[in-house]
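Student: Below you will find the structure I want to go over with you.
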Amino acid sequence: MAATIASLLKPWTPRLCPVRWSRYNPYYLEPEPRREAYAAPEAELTPEERELKTTRSIKAARANDNSSPYNDPIISKFINMMMQDGNKILAREIMTQTLEAIKRKQVEKYHSGPAAEREGIECNPYAIFHQAIENCRPVIGLTSVQKGGRSYQVPISLTDSRRRFLAMKWMITECRDNKHRRTHMYEKLSQELLAAFANEGNVIKRKHDFHKMAEANRAYAHFRWW
Amino acid sequence: TMLKSTFTLLSWQQQVGQYYTIPSAQLKKAFPNGLPRRFQMQIKTFNEACVMVRQPGLELISYLKRADYAKPALRYILFGEVGCGKTMSLCHTLHFCSTQGWLVLHVPDAHLWVKNCKELLPSSSRPTRLDQPIEASQWLKNFKITNEHFLSKQIKTTRRYIWTKRESTEEGRPLGEMVDHGMSRVKSSSDVVGALLRELRLQAGGATEDAFRLAVAVDGVNALWGKTSLKKEDKSPVSPDDLTLIHNLKKMLRNDWCGGAILTTLSQTGSLFKPRSAYLPTELLGEEGFDNMDPFVPIPVSNYSDKEFESCYLYYMDRNWLQHPHSRTEEGRKELLFLSSRNPSILERLCSFL
């Protein structure tokens with residue numbers, strides 16, 4: 001194993017030429033931004049870990065990964081998906097305004113309502129965002145399989161990253177296309193996220209339609225060979 | 001520690017850093033338009049208006065208490081870096097003045113009068129001046145809400161004002177009538193504002209029993225001596241002196257009248273053609289402005305001290321505003337302190353999404 005990994009250190013070009021994927025040699029490890037991973041002192045590391053720290057190369061960290069506990073990978077992914085023409089500043093502004101709008105609505109309800117209802121109101125915008133994206137994830141998806149000259153829509157299970165991608169993509173396209181022209185993106189997003197948190201709204205409807213399509217094409221499920 | 005109490009006369013050093021609540025009935029009356037936008041959003045969210053007592057506000061209130069109102073009006077300028085709390089200190093002082101029964105003349109942002117004006121009419125009274133009917137009538141409406149009880153009863157006009165060929169206000173009529181005329185006849189509203197300011201200047205601090213003290217509060221006073229972004233019909237630039245509203249307000253800011261105080265704030269955020277790093281009076285007012293405002297009492301407003309930051313943090317915790325689990329820990333608090341570098345407005349914007 002050491003021989004094959006070290007053999008990658010030669011001058012290496014990828015077999016396919018990637019445009020948007022990472023161009024790193026597979027020898028390189030992912031960077032670890034969290035501060036807790038570096039908390040253990042040197043003497044307590046096992047020989048393997050010490051070898052890992054001294055000899056293995058690590059990829060460069062991304063600009064928006066920081067060691068602060070305020071950093072959230074799902075929110076970063078959402079910001080990247082919302083970004084247009086590389087305008088990360090605007091995308092991040094919209095995200096923070098969305099979180100603020102969600103928090104304002106919930107805290108207003110919290111303070112103006114009776115004390116009995118206060119337990120049930122969720123005020124944390126991060127919890128609401130995560131739960132809303134969780135509610136929007138499809139369980140089963142469709143893919144096109146060619147058999148005998150015709151292509152059929154076959155239901156398959158989706159990987160975790162594909163589900164997350166679909167949930168976020170539907171959320172963003174819904175807010176961009178199907179809302180009134182003159183509202184700000186953060187208003188539209190906050191309304192849609194709060195609706196998804198309560199399992200209602202257009203994105204949840206789209207997820208259910210997606211499931212129904214997969215259910216309708218149940219007959220072709222045996223076309224899947226993997 | 002944090003203490004919330006209803007308003008009492010505050011003049012002690014121990015009260016710095018504590019919050020006091022403005023009751024909502026007084027709020028709508030005293031500040032129909034005067035509070036910063038983010039503070040208005042905060043009032044709506046928390047269902048209460050809590051202002052932090054800080055050193056500049058207390059200093060200003062103590063000066064107002066000890067001043068001699070038989071002498072000409074003193075000018076106070078609140079200055080400081082962007083987002084330090086100058087407008088909030090001014091609002092705190094104005095609330096104090098209104099509870100003491102003063103007549104409050106509040107211009108929420110003088111910069112709004114020198115830029116983005118939709119309608120600029122040539123003035124009906126003087127040929128070279130320009131009128132701004134929308135801004136003037138809006139201001140008159142807010143003025144009426146704040147000072148209802150003064151306008152309807154006590155103050156009378158001292159001479160006859162002729163607005164157009166057919167409309168005039170006689171001598172001895174209550175000022176409220178003039179204000180109503182200005183609100184209904186929008187074309188002459190700028191002249192009404194000028195006449196109103198003149199009347200108040202003449203009648204403030206008289207020796208009679210129903211004498212009132214006048215508090216003139218202008219936010220963003222550096223707009224009066226800067227440049228405007230407005231253009232006349234032949235595309236030539238308008239100087240601030242060409243606008244009736246600005247001209248009359250400048251007459252108000254001269255210290256040739258007795259029986260009140262002039263409270264002003266410098267503001268870079270709305271200003272035109274000034275760099276973001278400028279915050280001192282010499283930089284923002286310019287030579288002409290400084291000479292006009294000289295002599296004044298400068299009151300610097302700085303970032304939060306440790307105690308004030310702690311108080312603000314505890315207030316947000318109490319109101320259930322800091323939701324991120326890390327922001328409730330000690331380390332999260334230190335991170336907030338570092339990221340905001342104790343600037344009140346940056347701290348508020350950070351805490352709003354954390």
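The values are calculated or read from the model by the stated rules, or taken from the named source; none is laboratory data. Everything quoted here is computed from the prediction, not taken from an experiment. Note that we place each Cβ from the backbone using ideal geometry, even for glycine, and neighbour counts take in every protein chain shown. The protein model used for the area step is the full one, side chains on, heavy atoms only, and it has no ligands, DNA or RNA in it. Shrake-Rupley method; radii C 1.70, N 1.55, O 1.52, S 1.80 Å.
Student: Name the residues in the stretch B:309-322 that are at the interface with chain A (Cβ under 8 Å from one of its Cβ atoms) and either at negative phi or touching a strand residue (DSSP E or B) at 6+ places or on another chain (Cβ under 6 Å) (or both), would you?
Tutor: B:R319, B:W321
Student: Hey, another quick one. If we only count helices (runs of 4 or more DSSP H) wholly inside the stretch A:1-97, which ones have 3 or more residues that are more than 30 Å from B:S327 (Cβ to Cβ)?
Tutor: A:2-6, A:47-55
Student: Looking at (1) in a loop (DSSP other than H, G, I, E, B); (2) open to solvent by 30 Å² or more (accessible area, probe 1.4 Å); (3) facing chain B (nearest Cβ under 9 Å); (4) not basic (K, R), which one does A:I121 not meet, given that it meets all the others?
Tutor: (3)
Listed here are the residues, each with its yes/no results for (1) modelled with pLDDT of 90 or more; (2) surrounded by fewer than 17 Cβ atoms within 10 Å (Cβ to Cβ); (3) over 20 Å from B:L224 (Cβ atoms).
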position: B:C84; (1), (2), (3): yes, no, yes
position: B:T87; (1), (2), (3): yes, no, no
position: B:Q100; (1), (2), (3): no, yes, yes
position: B:K118; (1), (2), (3): no, yes, yes
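Student: Name the single residue that is nearest to B:R126 (Cα to Cα) among those in the stretch B:169-191 being outside any loop (DSSP other than H, G, I, E, B) and charged (D, E, K, R).
Tutor: B:D191
Student: Now, a different point. Please specify each residue of the stretch A:1-56 satisfying the condition of being among the basic types (K, R) and either open to solvent by less than 100 Å² (accessible area, probe 1.4 Å) or over 21 Å from A:P73 (Cα atoms) (or both).
Tutor: Matches in the stretch A:1-56: A:K10, A:R15, A:R23, A:R50, A:K53, A:R56.
Student: Is at least one residue of the stretch A:136-154 open to solvent by 10 Å² or more (accessible area, probe 1.4 Å), within 14 Å of chain B (Cβ to nearest Cβ) and either of a type outside the set (V, I, T) or assigned to a helix (DSSP H, G or I) (or both)?
Tutor: Looking through the stretch A:136-154, none of the residues is open to solvent by 10 Å² or more (accessible area, probe 1.4 Å), within 14 Å of chain B (Cβ to nearest Cβ) and either of a type outside the set (V, I, T) or assigned to a helix (DSSP H, G or I) (or both).
Student: Does at least one position in the stretch A:212-221 carry a residue that is of a type outside the set (D, E), loosely packed, with under 12 Cβ neighbours inside 10 Å and not in a helix (DSSP H, G or I)?
Tutor: No - not one qualifying residue is present in the stretch A:212-221.
Student: Also: With respect to A:K179, determine if the residue is open to solvent by 40 Å² or more (accessible area, probe 1.4 Å), closer than 22 Å to A:H222 by Cα, more than 13 Å from chain B (Cβ to nearest Cβ) and touching a helix residue (DSSP H, G or I) at 6+ places or on another chain (Cβ under 7 Å).
Tutor: no
Student: If the requirement is being touching a residue at least 24 places away in the same chain (Cβ under 8 Å), within 23 Å of B:P56 (Cα to Cα) and not basic (K, R), which of these qualifies: B:G286, B:G259?
Tutor: Testing whether each residue is touching a residue at least 24 places away in the same chain (Cβ under 8 Å), within 23 Å of B:P56 (Cα to Cα) and not basic (K, R) leaves just B:G259.
Student: Further, regarding this structure: Answer yes if at least one residue in the stretch A:138-148 is under 28 Å from A:I79 (Cβ atoms) and of a type in the set (G, A, S), and no otherwise.
Tutor: Yes: one or more hits.
Student: Restricting the first residue to the stretch B:216-230 and requiring it to be closer than 22 Å to B:G85 by Cβ, which pairs with a second residue that is assigned to a loop (DSSP other than H, G, I, E, B) meet a Cβ separation below 6 Å and a spacing of at least six or different chains?
Tutor: B:D219/B:P108; B:D219/B:D109; B:G220/B:D109; B:G220/B:S267; B:G220/B:G270; B:N222/B:L266; B:N222/B:S271; B:A223/B:V114
Student: Among the residues of the stretch A:155-172, are any open to solvent by 80 Å² or more (accessible area, probe 1.4 Å), assigned to a strand (DSSP E or B) and over 30 Å from B:S352 (Cβ atoms)?
Tutor: Scanning the stretch A:155-172 turns up at least one residue that is open to solvent by 80 Å² or more (accessible area, probe 1.4 Å), assigned to a strand (DSSP E or B) and over 30 Å from B:S352 (Cβ atoms).
Yes/no matrix, rows are residues, columns are (1) at the interface with chain B (Cβ under 10 Å from one of its Cβ atoms); (2) β-branched (V, I, T); (3) part of a helix (DSSP H, G or I); (4) surrounded by fewer than 18 Cβ atoms within 10 Å (Cβ to Cβ):
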| residue | (1), (2), (3), (4) |
| --- | --- |
| A:A101 | yes, no, yes, no |
| A:V107 | yes, yes, yes, no |
| A:E117 | no, no, yes, yes |
| A:A132 | no, no, yes, no |
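Student: So, in the stretch B:227-241, of the ones that are touching a Ser or Thr at 6+ places or on another chain (Cβ under 8 Å) and not in a loop (DSSP other than H, G, I, E, B), which residue ends up farthest from B:V114 (Cα to Cα)?
Tutor: Taking the candidates together, the pick is B:P237.
Student: How many residues, within the stretch A:51-98, are within 14 Å of chain B (Cβ to nearest Cβ) and among the charged types (D, E, K, R)?
Tutor: 3
Student: Residue check, B:P325 against (1) within 11 Å of chain A (Cβ to nearest Cβ); (2) open to solvent by 70 Å² or more (accessible area, probe 1.4 Å); (3) under 21 Å from B:G57 (Cβ atoms); (4) not charged (D, E, K, R), all met but one. Which one?
Tutor: (3)
Student: How about the stretch B:37-80: which of its residues are open to solvent by 40 Å² or more (accessible area, probe 1.4 Å), away from chain A (no Cβ under 14 Å) and not basic (K, R)?
Tutor: B:Q55, B:E59, B:Y63, B:D68, B:A70, B:P72, B:L74 - these are the residues of the stretch B:37-80 that are open to solvent by 40 Å² or more (accessible area, probe 1.4 Å), away from chain A (no Cβ under 14 Å) and not basic (K, R).
Student: Suppose we filter the stretch B:291-307 for residues that are closer than 11 Å to B:N343 by Cα and over 21 Å from the mean Cα position of the chain (by Cα); how many remain?
Tutor: Counting residues in the stretch B:291-307 that are closer than 11 Å to B:N343 by Cα and over 21 Å from the mean Cα position of the chain (by Cα) gives 2.
Student: Within the stretch B:170-188, identify whether any single residue is closer than 23 Å to B:L112 by Cα, in contact (Cβ under 8 Å) with a residue 60 or more places away in the chain, basic (K, R) and open to solvent by 10 Å² or more (accessible area, probe 1.4 Å), and answer yes or no.
Tutor: The answer is yes, given that some residue of the stretch B:170-188 is closer than 23 Å to B:L112 by Cα, in contact (Cβ under 8 Å) with a residue 60 or more places away in the chain, basic (K, R) and open to solvent by 10 Å² or more (accessible area, probe 1.4 Å).
Student: What is the one condition in (1) more than 14 Å from every other protein chain (Cβ to nearest Cβ); (2) over 22 Å from A:K103 (Cα atoms) that B:F338 does not satisfy?
Tutor: Looking at each condition in turn, B:F338 falls short on (1).
Student: To continue, here is another question. How many residues does the stretch A:194-211 hold that are in a helix (DSSP H, G or I), under 12 Å from A:W170 (Cβ atoms) and open to solvent by less than 70 Å² (accessible area, probe 1.4 Å)?
Tutor: Count: 6.
Student: Could you check B:T128 against (1) open to solvent by 50 Å² or more (accessible area, probe 1.4 Å); (2) within 20 Å of B:L196 (Cβ to Cβ) and say which number it fails?
Tutor: Checking B:T128 against (1) open to solvent by 50 Å² or more (accessible area, probe 1.4 Å); (2) within 20 Å of B:L196 (Cβ to Cβ), the one that fails is (2).
Student: Considering only the stretch B:294-308, state which residues are of a type outside the set (V, I, T) and either open to solvent by 20 Å² or more (accessible area, probe 1.4 Å) or within 11 Å of chain A (Cβ to nearest Cβ) (or both).
Tutor: The answer is B:D294, B:P295, B:F296, B:P298, B:P300, B:S302, B:N303, B:Y304, B:S305, B:D306, B:K307.
Student: Please verify whether B:F353 is within 14 Å of chain A (Cβ to nearest Cβ), of a type in the set (A, V, I, L, M, F, W, C) and without any contact (Cβ under 8 Å) to a residue 40 or more places away in the chain, treating the condition exactly as stated.
Tutor: Taking the combined requirement at face value, the residue satisfies it.
Student: Looking at the stretch B:229-286 only, could you name the residues that are buried (at least 21 other Cβ atoms within 10 Å of the Cβ), over 20 Å from B:P298 (Cα atoms) and of a type in the set (V, I, T)?
Tutor: Passing the criteria: B:T244, B:I246.
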